[in-house]
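The numbers here are math on the coordinates, done by the rules we state, and not lab data. Note that this is a predicted model, so its numbers are computed, not measured. When we count neighbours, we look across all protein chains shown, and the Cβ atoms used for this are built from the backbone with ideal geometry, even at glycine.
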Amino acid sequence: MKELSTQLQSMREQYDCEPLRRSAMRSCPFEQFTDWLNEAVLAKIYDPNACSLSTVDEKGCPSARAVLLKGLERNKFIFYTNYNSRKARHLSTNSNACLHFPWFSLQRQIIITGEVSKTEDQEAEEYFTSRPPLSKLGAWASDQSNDLDSRETLEKAFLKAQEKYGDNPPKPPHWGGFGLNPKSIEFWQGGPNRLHDRFMYELVGSSWNMKRLNP
Ligand SMILES: Cc1cc2nc3c(=O)[nH]c(=O)nc-3n(C[C@H](O)[C@H](O)[C@H](O)COP(=O)(O)O)c2cc1C
């Protein structure tokens, strides 16, 4: 353990981005998000739309997991999941959530907080239709977040769904979207000597205020 700690303590990356100036930041956080997402795509980072979603349970205990951002519609960040999953259970009792985009290879992160609500079923239908057929079957096979006795049981459930629905499975009723309506969006970029840049946009009434934070 001591050896591991020594190893961990010696792991040290130097951040070296050019200072991020206030004048370079957009006044609209959604435009700023779009710029940075496009830069992450251009940089070919793996899964640029993957983010960590944090929720809290009914006792206030937090948990996090990765989801894929699949839309930015009407200023809401959209992801899709199983409405019977653990995260969906959390969101039904406490709609506050956080999305964290960890673009470490670009020395950047974005942290978004806000309240989450279910999207219209029609929107989920449209997205589900665009998914590859085998992923659609996976959504039927998995009783997400619940106990599973073996992989075999999951594979059998997949085959059963395939027998029933063939190549064009409909959207399961328990599968759909959530949209996070942001209250705050923080953009972080690494700088030399740990003098990182942080810009926090906060929703005040119906407009966005931006301020710089200490790193
Ligand atoms: C890169 C990546 C992307 C993922 N995207 C999704 C997603 O969009 N929706 C989803 O339900 N699970 C996704 N998962 C699986 C979740 O991280 C998680 O295991 C699952 O949703 C169950 O979480 P829960 O039990 O907390 O509800 C993804 C996992 C990874 C590693």
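Here the peptides 30-40, 57-67 are ranked by packing, the mean other Cβ count within 10 Å, and the order with the highest first is 30-40, 57-67. With N as its number of residues, region 150-215 has a Cα radius of gyration that, divided by 2.2 N^0.38 Å, comes to 2.14. Pair-distance distribution P(r) for region 1-142, from all Cα-Cα distances in 5 Å bins starting at 0: 2, 7, 14, 17, 17, 16, 11, 8, 6, 2, 0 percent.
Other residues with beta-carbon under 11 Å from the beta-carbon of L20 carry, at +1 per Lys or Arg and -1 per Asp or Glu, a net charge of +3. For the chain, with the dipole built from +1 on Lys and Arg beta-carbon atoms and -1 on Asp and Glu ones, taken about the Cα centre, which of I110, A124, P169 lies farthest toward the positive end? The one lying farthest along the dipole's positive direction is I110. Computed from Cα positions, the angle between helix 151-165 and the longest principal axis of the chain comes to roughly 70 degrees.
Compared with the alpha-carbon gap, the fully stretched path from R21 to Q162 is longer by 45.4 nm at 0.36 nm per residue.
Taking the C-alpha atoms only, the angle from helix 29-42 to the longest principal axis of the chain is near 80 degrees.
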